[in-house]
Structure formats: C-alpha cells, structure tokens
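Trainee: This structure is in structure tokens; I'll ask about it shortly.
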Amino acid sequence: MKKETILDNISQHNDLRIRVNTYLHKPVSKELLNIFDKPVPSNMYYLLLIVKGKVTKMVDFQDLQITDNQLLFVTPWQIHTTEKNVTKHTMLYRLSFGEELADYFSAGFSFFINPLGKPFTSLTAHTTQRMVYCFQQLENLLKDRNALPELVLIYLNAFLSECNIAYYSNNTDLLSHTKESLSLFIAFKNFIEKQFMEQPTVEQMAAELGINTNALYHLVKSNSGMSPKVFLTERLMLEAKRKLYFKNYSIKELAYDLNYNDPEYFSRLFKKHTSKSIPAYREYLKNLSVS
C-alpha cells in the first residue's frame, strides 16, 4: 500500500478541491511549513479569517498585517507565504478552494477582483461569528471525504456571500464612485486580468467596455489613481516579478515572455515601476526566499 503523505490531504474532499484549517495557537508542523513556506504557482483561492490575534502575511511581495475580525483574500496565481509573527492566543481559520469551483456559483463574487485596492477587510463581530459558523460546518462536512458536494458548496457559497457583502459595506470610505462606475471598473479589471499579456490598446480597452477613451481614462483614474495604460503596465510588471520569483529568466527571455519586443525598453520600464533593476530585483527575491 502506498504511504499517504501530507500532499494527499491538501484537498479534504474526493470530488472538490477544498481545504479548511483552524489554528488555535498550535504550532505548524515542519512538513507543512516546508510545503507552504516557499510558494509555488497555485490555481487555488485562499481566504484567511483572523478572529483573534495578529499575523503578518506576504502577498505579492507586500507584507500585510491582519488582526482581530479581519479577512484576507488571495486569488489564484498570487504569491503568498505562510503566516508569520503569529501572536499568542491567535485564533484563525484558513480556507482554500480550486478556481474551478467558482463555476458552481451563479452570483459572481466581485470582491476577489479587489476593485477597492484593499486585499483585506474589517468585519463586525456578528459577521465574524457567522463566518466562523460556516467554517465549522465545512470543517465537519469535510471530515468525510465523500460528503455530499451540494452541501459543501452551500456553505462555501454562504461564506463567500458574507465576504462579498463585508468587503463593500466595511470599505465605504473607499466607495466614492457610483454603483455603475464600480461595475464598469470591475469589468475593466476582469478584462485586464484576462488580456494583459496581449497588451491591449486603450482603444481596445474602451471598446470592450462600450465607452470612449476619455470616459475610460476618467473611470480608471478615479478608481485606481492611474491611467489605463499605467494600470496595464503595473499588471505586466507584477507578472514579471512573479515570473522572476519562480524562474531565473534572462532579461531577454522575460521581455519576450511578456510580449515586449525590445528587451532594453522593457528593462528600463521594469526599473521605473519597481525602483530596482532586474538583477537587483533577483537579488531581493533571493534574500526574500531565505528570510
């Protein structure tokens, strides 16, 4: 009989890629740390609910501090590490699920696209309690790897609905735009996320949304503080940083991989947007990996 490893238990269900984990100030095993402390490309969504305590978590090269009654969300292919600096008596819940499960939900959960530019949100005590209840139900269901998938998805849907409502209701200070403007900006971000590697023109972006280029500029500028072109470039530079994390690309390889035909221009652009040359960024990543 093949020996079962911890990797066999990353998913807790035979038909659905989903995992729930509760942390009540218990040390994480070395085997688990070896798997999750060094990120690998993943097509899993990840949510972290802090009920009590404080942790630091690196997401796409930014250290974020999450504390009592806060929720952090990470989308597929973002780079993130295991929680660090976990304070004493911390109580947290982790949930991860495959991106294919999003197809089961008729209502889209637009908080995942992070239109307000804040990958975590504060919660009311009542919202936290309801989320914990969903976690506990999922945890109980997933004790059986053959649990009825429909039941698992019901509680996952309920939890994500709570997340979506909380994201918008608890970030009203960032909601200076109308509902129509926000919907258009979400559509813009979705389009960029799907097409950024093709480097669409401003005219193509505007046509996708059914508006003119002036309206597109004001839409993106008011919601992100950037022009559409800069927004696209920032997304490409983030992709460059992610690629450098996982592979030792040459400048030419990286430029061509991101559809830049002029490696020298790409190199200057990278330094302008990251404040580091590509060799210097490689060194930064090397230090990050061993920290």
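The values are calculated or read from the model by the stated rules, or taken from the named source; none is laboratory data. Being a predicted model, the structure only gives us computed values, none of them experimental. Cβ sites come from the backbone with ideal geometry, for glycine too, and all protein chains shown count toward neighbours. These area figures cover heavy atoms from the full protein model, side chains too; ligands, DNA and RNA do not enter into them. Shrake-Rupley method; radii C 1.70, N 1.55, O 1.52, S 1.80 Å.
Trainee: Kindly indicate whether Lys247 is open to solvent by 90 Å² or more (accessible area, probe 1.4 Å) and either without any contact (Cβ under 8 Å) to a residue 12 or more places away in the chain or not polar (S, T, N, Q) (or both). Don't jump to the end; show me each part of the working.
Mentor: On the way: open to solvent by 90 Å² or more (accessible area, probe 1.4 Å): yes; either without any contact (Cβ under 8 Å) to a residue 12 or more places away in the chain or not polar (S, T, N, Q) (or both): yes.
Here the answer is yes, as Lys247 does meet what is asked.
Trainee: Next question, about the same structure. What number of residues within segment 125-153 satisfy the criterion of being β-branched (Val, Ile, Thr) and either under 12 Å from Ile18 (Cα atoms) or over 22 Å from the mean Cα position of the chain (by Cα) (or both)?
Mentor: Keep residues of segment 125-153 that are β-branched (Val, Ile, Thr), which gives 127-128, 132, 152.
From what's left, either under 12 Å from Ile18 (Cα atoms) or over 22 Å from the mean Cα position of the chain (by Cα) (or both): 152.
Here the count works out to 1.
Trainee: With within 18 Å of Asn21 (Cα to Cα), modelled with pLDDT under 90 and out of contact with any Gly (no Cβ under 9 Å at 6 or more places or on another chain) as the only criterion, which of Thr81, Thr75, Thr56, Thr87 stands out?
Mentor: Values: Thr75 fails: modelled with pLDDT under 90; Thr56 fails: modelled with pLDDT under 90; Thr87 fails: out of contact with any Gly (no Cβ under 9 Å at 6 or more places or on another chain).
Answer to the check: Thr81.
Trainee: Restricting attention to segment 180-219, which residues are under 22 Å from Ala255 (Cβ atoms), under 22 Å from the mean Cα position of the chain (by Cα) and open to solvent by less than 40 Å² (accessible area, probe 1.4 Å)?
Mentor: If the condition is that a residue be under 22 Å from Ala255 (Cβ atoms), under 22 Å from the mean Cα position of the chain (by Cα) and open to solvent by less than 40 Å² (accessible area, probe 1.4 Å), then Ile192, Phe196 are the ones that fit.
Trainee: OK, next. Open to solvent by less than 40 Å² (accessible area, probe 1.4 Å) and either part of a loop (DSSP other than H, G, I, E, B) or modelled with pLDDT under 90 (or both): is that true of Pro39 in this structure? Let's see the steps before the verdict.
Mentor: Values: open to solvent by less than 40 Å² (accessible area, probe 1.4 Å): yes; either part of a loop (DSSP other than H, G, I, E, B) or modelled with pLDDT under 90 (or both): yes.
Yes.
Trainee: So, one more: Report yes if Tyr167 is part of a helix (DSSP H, G or I) and buried (at least 16 other Cβ atoms within 10 Å of the Cβ), otherwise no.
Mentor: Details: part of a helix (DSSP H, G or I): yes; buried (at least 16 other Cβ atoms within 10 Å of the Cβ): yes.
Yes.
Trainee: Residues that are in a loop (DSSP other than H, G, I, E, B) and out of contact with any helix residue (DSSP H, G or I) (no Cβ under 8 Å at 6 or more places or on another chain): does segment 62-74 have at least one? Explain how you work it out, then say what you get.
Mentor: Here is the first cut: in segment 62-74, the ones in a loop (DSSP other than H, G, I, E, B) are 68-69.
Now restrict to residues that are out of contact with any helix residue (DSSP H, G or I) (no Cβ under 8 Å at 6 or more places or on another chain): 68.
Scanning segment 62-74, I find at least one residue that is in a loop (DSSP other than H, G, I, E, B) and out of contact with any helix residue (DSSP H, G or I) (no Cβ under 8 Å at 6 or more places or on another chain), so the answer is yes.
Trainee: I've got another one for you. Hey, could you check segment 79-90 for residues that are free of Cβ contacts under 8 Å to residues at least 60 places away in the same chain and of a type in the set (S, T, N, Q) and say which is most open to solvent (accessible area, probe 1.4 Å)?
Mentor: The residue in question is Asn85.
Trainee: Go through (1) closer than 17 Å to Asp60 by Cβ; (2) charged (D, E, K, R); (3) without any contact (Cβ under 8 Å) to a residue 12 or more places away in the chain for Lys271 and report which single condition fails.
Mentor: (1) is the only condition that Lys271 fails.
Trainee: Look through segment 91-146, keep the residues that are open to solvent by 10 Å² or more (accessible area, probe 1.4 Å) and β-branched (Val, Ile, Thr), and return whichever of them is farthest from Asn157 (Cα to Cα).
Mentor: Filtering segment 91-146 for residues that are open to solvent by 10 Å² or more (accessible area, probe 1.4 Å) and β-branched (Val, Ile, Thr), the one farthest from Asn157 (Cα to Cα) comes out as Thr124.
Trainee: In addition: Look at Ala240 and say whether it is among the small types (Gly, Ala, Ser), at pLDDT 95 or above, open to solvent by less than 40 Å² (accessible area, probe 1.4 Å) and within 18 Å of the chain's Cα centre (by Cα). It would help to see each step written out before you state the result.
Mentor: Numbers: among the small types (Gly, Ala, Ser): yes; at pLDDT 95 or above: yes; open to solvent by less than 40 Å² (accessible area, probe 1.4 Å): yes; within 18 Å of the chain's Cα centre (by Cα): yes.
Taking the combined requirement at face value, the residue satisfies it.
Trainee: Now a separate question. Mind telling me which of the residues Ser222, Ser267 ends up being under 30 Å from Ala187 (Cβ atoms) and either under 20 Å from the mean Cα position of the chain (by Cα) or part of a helix (DSSP H, G or I) (or both)?
Mentor: Exactly one residue qualifies, and that residue is Ser222.
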